[in-house]
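Inspection log for the structure reproduced underneath, given as structure tokens.
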Amino acid sequence: MGKIAKITRRTLLVGAVAVTGGFAVGYYLYKRDPGNPLADNLPEGSETLNPYLRIDSDGVTIITPRTECGQGVHTALAALVAEELDLAWDAIRVEAGPPSVAYYNGKVLAEGLPFAAIDSSWSAERARGFGDVLGKLLGMQMTGGSSSVPDAYDKMRRAGAAAREMLLSAAAERSGQSRQSLTTRDGHVILADGSRLSYTELAQEAARIEPPADPKLKAPAQWRYLGKPMQRVDTAAKATGTAEYGIDVERAGMRYAAVVTNPAIGSAGTLVDDAAARERRGVLDVVPISGGAAIIADNTWRALQAAGALRFDWAPAEYPADTDAMFAAVADAFDGSSDSQLRDDGDVEDALGDTPLEAEYRLPYLAHAPLEPMTATVHLQPDRLDIWTASQVPLQARKSAADLTDLDEGRIHVHTLMAGGSFGRRLEDDYIKQAIEIAIAQPGVPIKMTWSREHDMTHDFCRPLSIARGRGAVAGNDITAFDLGVAAPSVTCSQAGRAGLPFAGPDVMIVAGAWDQPYAIPNYRVTGYHTPGLAPVSSWRSVGASVNGFFHDCFMDELLVAASVDAVEGRIAHLNDAPSRAVIEAVADMSSWGGALRDGHARGVGFCLSFGVPCATVIEVSKQGERVRIEHAWVAADVGTVLDPDNVDAQLSGGTLFGLGHAMFGEITFADAAITQTNYHTFRSLRHNEAPPVTTRALENQSEIRGIGEPAVPPAAPALANAIFAATGQRIRELPFAKSIRFAIRS
Amino acid sequence: MRLNINGEAFEVDVEPEMPLLWVLRDELGIKGPKYGCGIGACGACTVLLDGNPVRACSLPVSAVQAPVTTVEGLGTPDAPSDVQQAWIEHQVAQCGYCQSGQVVAATALLERFPEPTDADIDRAMSGNLCRCATYPRIRAAIKTAAQRRKLG
């Protein structure tokens, strides 16, 4: 893959987190089988053959140890086991399972490594292997980084295949028939005479059989479920209001809690007056917590109302007071030393010449704002602690609980529920720690803590604000120099600090989605600058690529305009990765790019490779007087292997509209060190009457299987920017677009 | 205070200004209606009051003088309503948290406009936020349900 593998600073994330001298111990820990967590609390009459399934008299329950945030992960993971185990689809039951190192995610660190996703060099593969070790050592049972399917694809198919072989052996023993004469279908072993033995009745005998070391997997041509549209396992519950989210937990004797903490995120707060709050109906107690206090009441609304009556002394913020000062700090970072320069091909300075084309872009903070606010229910008893919540990091939550309570981790039970959205917010466990603090102050009483929408929005760890400066040069129809500098707060540094992990930087996330793009430009450089000391930040759907996809592709578009070349043809001409070229060709084909358009209509294309997925988007807009209306979106992506075409369509469509909506309206600002936006009327989202139809296509040209929860987000905003430029001549370099233009609704 | 929820009578003793949503969720254990914003800006709490869609988070319980229908009152996983059935067939839900409100709002829409145009759908549904942006499938499911009703 040519020059992209030329890495200047290989230590990066790996070097920063590696435990020096401890690697031998680490390797031993990695190789040691973490055991089967299901065996610890196996109900009477149940058997388990491996960490991914439990069999009882009702049939097989598949453990899908990733958190369902809407991305369809429970269905996709269940299908991997069900396919190999030959289960009937309508009999499938899924459970999130307990937190356990057995469910570590070996792929989630891949995006943080200094190797491009399409780099398959020896060094890159070795580093990815290292990421696998680290993921396990760090106890990363993590849902994120579009990594659930790539991580589970082999593991969970092998779990299903191994269990099937054990059940076949058990059936052979019991029937006295040769194993070769037996087959499986819909949760049964079929004997040679056609009679059936259910997995349920074979489970006990199968559990005594040694698992096969290398179970044989089906060839894709034999797949019954994989590769075909699946009925989601949660869809009927979600259509009838019966799905249980974190906020819906009910425990006997449960009390309800609301919290107030310092508007300056992370700073201390001292409760000075709770008298008025305590007098309110239903208020049972007021307890101090880190940064503020919690109200305990007999009803969520009563707790939320009383919270407004508390009075505090707030410690000052540890970051600048307002957005202007924050952007000034980000701009200043360009004058300091660089954090990373992962790409530096050719001689950029020389190729830029005396009159490079220059552009500066700015992106705002964004809130995650999932529709279900942060919530956790915690019950502390003398010998155990139970947590019911939707967390993307259940092991981390358990560790935090152990730290806060001094209970052994074995006495802490995390029950993972459905998440009402996340977009990365539930990778943080701040809200869980808060609920634990409250439960410690109310021993013996189950406490359900629910954040108000206002608290949720004003205490988010946002997607960072960011500035990019591009300089470029063209000759004829070619881009001869492309130089992009990106300055931003570091997500990895902020998260590592909260998790108590050492992090020395550099942070690949500052430049992810820019440095790793598969273009062949002779003089090509991407430099990252770290801005410390701003408000805490976090992973937001597509993380670094959510900003750099915009920067890199918008600047690419500007250079191609300068080179007088068509936006689709120009991108294809400069790409040196065949699957990436193919997604642009696909989206051009789908949208009849270059064909005649109605008067006042124009199109833009956007491209970004993130999480190993090349994704291209075409947006058509029309001028409606002074306003712009989005008419249609087309999006194509290559995920290597499509497990569920229906869900890939849902994620491509949803990701595109999510990306568009935030680019159009989304902005978090600070004043007096507090987030200004408090609810959905000021943090605007895309609505029905603003959402265009979306046409999708999934390609399978690359060899690796990839996840699709995030990659449609990054190319959406630049496609819209480029379409607006094509329609109006206005090059918008600062988001949200609504600061510069007005949008027309669809009807 | 007496309430009729999904055809069942309830007696509650709460402040008159407590929003219907919290009476449903925390006093009666009816959890299909969701808390999303508390100010009528997202529609996750939408219920039918005498057949009309209202935001339960912003409706004081003392103002509830008619029967209330929540998403649970429309159908169940084993016996979904026609709108819920269309939702299932189109696999509308991603995170699903807003879908209780979307289904209720769509049910009310089809009562008023049995054959809704895109403009009707936009007008009736744009107050119901979906952070996963499942809007194209919501539109398709509404049209499927309408088509079925027309064909009987």
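Throughout, read-outs are computed from the coordinates displayed, never taken from laboratory work. This one's a predicted model, so the numbers in the text were calculated from it and none came from an experiment. We place every Cβ from the backbone using ideal geometry, glycine too, and count neighbours over all the protein chains shown.
So how strong a dipole does region A:630-747 carry about its Cα centre when Lys and Arg Cβ are +1 and Asp and Glu Cβ are -1, to the nearest 20 debye? Could the numbers behind the result be given before it?
Numbers: 9 positive and 12 negative charges, 120 e Å.
Around 580 debye, computed over region A:630-747.
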TODO: Report ³J(HN,Hα) in whole Hz for each residue of region A:219-224, in order, from the Karplus equation J = 6.51 cos²θ - 1.76 cosθ + 1.60 where θ = phi - 60°; Gly and Pro get x.
DONE: 6, x, 5, 8, 5, 8
Open item on the list: How far apart, in nanometres, would the label points at A:LYS218 and B:LEU28 be if each is projected 7 angstrom from Cα along the Cα-to-Cβ direction?
Closed with: 4.6
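Ratio of alpha-carbon Rg to the 2.2 N^0.38 Å globular estimate for region B:17-106, to two decimals, please. Before the final figure, lay out the partial values.
Numbers: Rg = 12.6 Å, N = 90, 2.2 N^0.38 = 12.2 Å.
Here the answer is 1.03, to two decimals.
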Task: For chain A, calculated [θ]222 nm from helices alone, where every DSSP H run of n ≥ 4 adds -39500 (n - 2.57) - done: -9500 deg cm²/dmol
Task: Neighbour-count order for A:PHE658, A:PHE550, A:PHE327, fewest beta carbons within 10 angstrom listed first - done: A:PHE327, A:PHE658, A:PHE550
TODO: Starting from the Cα coordinates of region A:549-705, work out the convex hull volume and express it per residue in Å³.
DONE: 160
Open item on the list: Please list 3J(HN,Hα) in residue order for region A:542-548, calculated via the Karplus relation 6.51 cos²θ - 1.76 cosθ + 1.60 where θ = phi - 60°; whole Hz, with x for glycine and proline.
Closed with: 5, 6, x, 5, 5, 9, 6
TODO: Note down the nm distance, to one decimal, between modelled labels 7 Å out along Cα→Cβ at A:ARG185 and at A:ALA738.
DONE: 5.7
Task: Cβ-derived FRET efficiency at R0 51 Å, A:ASP383 paired with A:ALA671, nearest 0.05 - done: 0.60
Task: Amide H contacts of A:THR480 (H built 1.01 Å from N, under 5 Å, at least 5 apart or other chain) - done: A:ALA473, A:VAL474, A:ALA475
Open item on the list: If each residue of separation counts as 0.36 nm, what is the full-extension length gain between A:GLU704 and A:GLU210 once their alpha-carbon separation is subtracted?
Closed with: 174.8 nm
Open item on the list: Give me the base-10 log of I(q)/I(0) for the protein assembly as shown at each q in 0.06, 0.11 Å⁻¹, Debye formula, one uniform scatterer per Cα, rounded to two decimals.
Closed with: -0.40, -1.43
Task: 12 Å tail of the calculated P(r), region A:60-112, as % of Cα pairs - done: 66
Open item on the list: Within 10 Å, Cβ to Cβ, of A:GLY187, how many net charges do the neighbouring residues add up to if Lys/Arg are +1 and Asp/Glu are -1?
Closed with: 0
Open item on the list: Skipping prolines and chain starts, which residues have an amide H placed within reach, meaning under 5 Å, of the one on A:ARG684, given they are 5 or more residues away or on another chain?
Closed with: A:GLU667
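From Cα pairs below 8 angstrom and at least 6 apart in sequence, can you work out the relative contact order of chain B, rounded to a whole percent? Spell out each step's value before the answer.
Working: 248 pairs, mean separation 36.2, N = 152.
Relative contact order here is 24 percent.
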Task: Linear extension gain, A:ASP478 paired with A:THR270, 0.36 nm per residue minus alpha-carbon span - done: 68.8 nm
Open item on the list: Nearest 5 percent is fine: what portion of the DSSP beta bridges confined to region B:1-88 is antiparallel?
Closed with: 90
TODO: List the relative contact order of region A:480-531 as a percent without decimals, with contacts defined as Cα pairs under 8 Å and 6+ residues apart.
DONE: 57
Task: Per-residue HN-Hα couplings for region A:634-645 [Karplus 6.51, -1.76, 1.60; θ = phi - 60°; Hz; x = Gly/Pro] - done: 10, 9, 10, 8, 10, 9, x, 10, 8, 7, 9, x
Open item on the list: Considering only C-alpha atoms, what is the centroid distance from region A:678-712 to region B:107-152, in Å?
Closed with: 21
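Would you work out if region A:614-689 is rounded, prolate or oblate? Take a ≥ b ≥ c from the square roots of the eigenvalues of the alpha-carbon gyration tensor; rounded if a/c is under 1.5, else prolate when a/b is larger than b/c, oblate otherwise. All intermediate terms of the calculation are to be shown ahead of the outcome.
Details: a/c = 2.74, a/b = 1.50, b/c = 1.82.
Oblate shape, in that a/c is at least 1.5 and b/c is the bigger or equal ratio.
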- [ ] Pick out, from A:ALA243, A:GLY291, A:VAL260, the residue whose Cα sits farthest towards the positive end of the charge dipole of region A:173-301, with +1 on the Cβ of Lys and Arg and -1 on the Cβ of Asp and Glu.
- [x] A:ALA243
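At a threshold of 8 angstrom on Cα-Cα distance, excluding pairs fewer than six apart, so keeping six or more, what relative contact order does chain A reach in percent? Let's see the in-between values first.
Numbers: 1717 pairs, mean separation 104.6, N = 747.
In percent, rounded to a whole number, it is 14.
So what are region A:477-609's ellipsoid semi-axes, whole angstrom, largest first, if each one is the square root of 5 times an eigenvalue of the alpha-carbon gyration tensor? Walk me through the numbers before you get to the answer.
Values: eigenvalues 219, 53, 34 Å².
Equivalent-ellipsoid dimensions as semi-axes: 33, 16, 13 Å.
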Open item on the list: I need the peptides A:417-426, B:117-126 ranked by packing, meaning the mean over residues of other C-beta atoms within 10 angstrom, with the highest value on top.
Closed with: A:417-426, B:117-126
Open item on the list: In region A:212-238, whose amide N lies under 14 Å from the spot 7 Å out along Cα-to-Cβ of B:ALA140? List them in ranges.
Closed with: A:229-232
TODO: State the antiparallel share, in %, of DSSP beta bridges confined to the protein assembly as shown, rounding to the nearest 5.
DONE: 75
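Please state the equivalent ellipsoid semi-axes for region B:53-152: what are the square roots of 5 times the Cα gyration tensor eigenvalues, largest first, in whole Å? Don't skip to the answer; put the middle values down first.
Details: eigenvalues 87, 48, 44 Å².
After scaling each eigenvalue by five and taking roots: 21, 16, 15 Å.
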Open item on the list: Can you list residues from other chains, or at least 5 along the same chain, whose modelled amide H is less than 5 Å from the amide H of A:THR527?
Closed with: A:LEU484, A:GLY485, A:VAL486
Task: Helical contribution to [θ] at 222 nm, DSSP H n ≥ 4, -39,500 (n - 2.57), averaged over chain B, rounded to 500 - done: -10000 deg cm²/dmol
